[in-house]
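The values are calculated or read from the model by the stated rules, or taken from the named source; none is laboratory data. Being a predicted model, the structure only gives us computed values, none of them experimental. Glycine also receives a Cβ, built like all others from the backbone with ideal geometry; neighbour counts cover every protein chain displayed.
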Amino acid sequence: MPRSGKLVRISLVAAAAAAVAVVAVMAAGTASAKTTSSSVSGAGSTFVAPLVTAWMGPAKSALGITLSYNPVGSGGGVSAITNKQVDFGASDAPLSQFSPTCTTCVQVPWALAATAVIYNLQGLQFLHMTGSVLGKIYLGKITKWNASAIKKLNPGRSLPNKSITVVHRSDSSGTTFNFTDYLSHVSSSWKSKVGSGTAVNWPTGEGEGHSSGVAGAVRSTPGAIGYVDVDYAVVNHLGYFKMKNRAGNFVVPKLKGILAAAQLDTHPKKDGSLSIVNPPKSRKYRNAYPISTYTYIDVQKTSSNAGALKKLIGWAITKGDSKYGPKLFFAPLPKAVVKFDKKQLKKIHS
């Protein structure tokens, strides 16, 4: 990787972190002016960070709650709430995927979105891709953009004789879990050699911290490929694949595809977890985007800030999701999930 590309990535990551910090500081400053307001602090998922950031102003004006959030990654969020360093942690993987994990937490699915597989090829938007070919790229078996397997999926498209630079997360990441869980569903080789998890032993590629790091690396490296929440793809003006689902259709990670995938599981398990990866071949799922995921907020069952937390989460899963989510490619939660979430909130107390 050229030094100039690395500097661009560092700048992008720093800028993203600074932007979130500025919003948090501004929100905190506003709180001091109104002593009747309360504060809620969180940390975790960078995948959900754009949505949480969009909620900060409305949470203050509508609820009187000053919301601050540190996008340290899902693993960092689970660690922070386990150690009671914040009011909530946020993760795109269920708590069961982390070790150690928070055994005294309530897990609430509070947002719904998708992982986009991004790439940097000028003038080539919406290339077609399958899970099996994607798995071979991340296994290091396909290394050129004009490889026959990719050309076969994209007839009539002029693919360059350019090396593929694989980029993946270097930190404990719920987005990594969603991505590797999908690859494990569609590639027996990936499942046996690598498997799924919030952190895995990557066969090839370079690691970057957080979603902003992956997006920045792909943006600054022609020929690179990575995976992030779709909003990071749009903001960074990156191409992303139309992924082939099991119904045989190539689908983009937008609201229609996410909502179609969400039909797979609308009744959370007892711990609050759901799985909507790679829905089956049927007419019901013909438009389903296969790398969709719920993302969770994790809260200690006993919290001195229980009242504000329950107020914030109740607003987020209803008005917050429906009003502010779609423009950031987060879909409104199914009614059955909202009903479950409201029951989960009753478990949180002072």
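Would it be correct to say that Pro253 is in the same structural domain as Ser41 (by TED's automatic domain parsing), in a loop (DSSP other than H, G, I, E, B) and either buried (at least 17 other Cβ atoms within 10 Å of the Cβ) or acidic (Asp, Glu) (or both)? Full working, then the answer.
Values: in the same structural domain as Ser41 (by TED's automatic domain parsing): no; in a loop (DSSP other than H, G, I, E, B): yes; either buried (at least 17 other Cβ atoms within 10 Å of the Cβ) or acidic (Asp, Glu) (or both): yes.
Here the answer is no, as Pro253 does not meet what is asked.
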Checked Asn154, Asn146 against criteria (touching a residue at least 12 places away in the same chain (Cβ under 8 Å) and either in contact with a helix residue (DSSP H, G or I) (Cβ under 7 Å, 6 or more places away or on another chain) or under 23 Å from Val234 (Cβ atoms) (or both)); the one match is Asn154
Taking the stretch 237-250, which residues are touching a residue at least 60 places away in the same chain (Cβ under 8 Å) and surrounded by 18 or more Cβ atoms within 10 Å (Cβ to Cβ)? Leu238, Gly239, Tyr240, Phe241, Lys242, Met243, Lys244
Would you check if Val235 is of a type in the set (Val, Ile, Thr), under 16 Å from the mean Cα position of the chain (by Cα) and within 12 Å of Val117 (Cα to Cα)? no
Pair list, Cβ under 6 Å, 6 or more apart: the stretch 312-337 residue on the phi > 0 side of the Ramachandran plot, other residue of a type in the set (D, E, K, R): Phe329/Asp231
Considering each of Val234, Val218, Val228, Val214 in turn, give the residue that is surrounded by fewer than 22 Cβ atoms within 10 Å (Cβ to Cβ), among the hydrophobic types (A, V, I, L, M, F, W, C) and not in a loop (DSSP other than H, G, I, E, B). Val234
Could you tell me whether Ser61 is of a type in the set (Ser, Thr, Tyr) and without any contact (Cβ under 8 Å) to a residue 12 or more places away in the chain? yes
Starting from residues that are part of a helix (DSSP H, G or I) and not basic (Lys, Arg), keep the ones in the stretch 56-74 and report whichever is nearest to the chain's Cα centre (by Cα). Ser74
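To keep it simple, each residue is scored yes or no on (1) more than 21 Å from Ala49 (Cα to Cα); (2) in contact with a strand residue (DSSP E or B) (Cβ under 9 Å, 6 or more places away or on another chain); (3) of a type in the set (Lys, Arg); (4) not assigned by TED's automatic domain parsing to the domain that holds Val78.
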position	(1), (2), (3), (4)
Asp271	yes, yes, no, yes
Leu274	no, yes, no, yes
Val277	yes, yes, no, yes
Pro280	yes, no, no, yes
Asp321	no, yes, no, no
Tyr324	no, no, no, no
Ala336	yes, no, no, no
Lys339	yes, no, yes, no
Ser350	yes, yes, no, yes
Counting only helices (runs of 4 or more DSSP H) entirely within the stretch 118-204, those with at least 1 residues that are of a type in the set (Phe, Trp, Tyr) and surrounded by 18 or more Cβ atoms within 10 Å (Cβ to Cβ) are 131-138, 174-186, 188-193
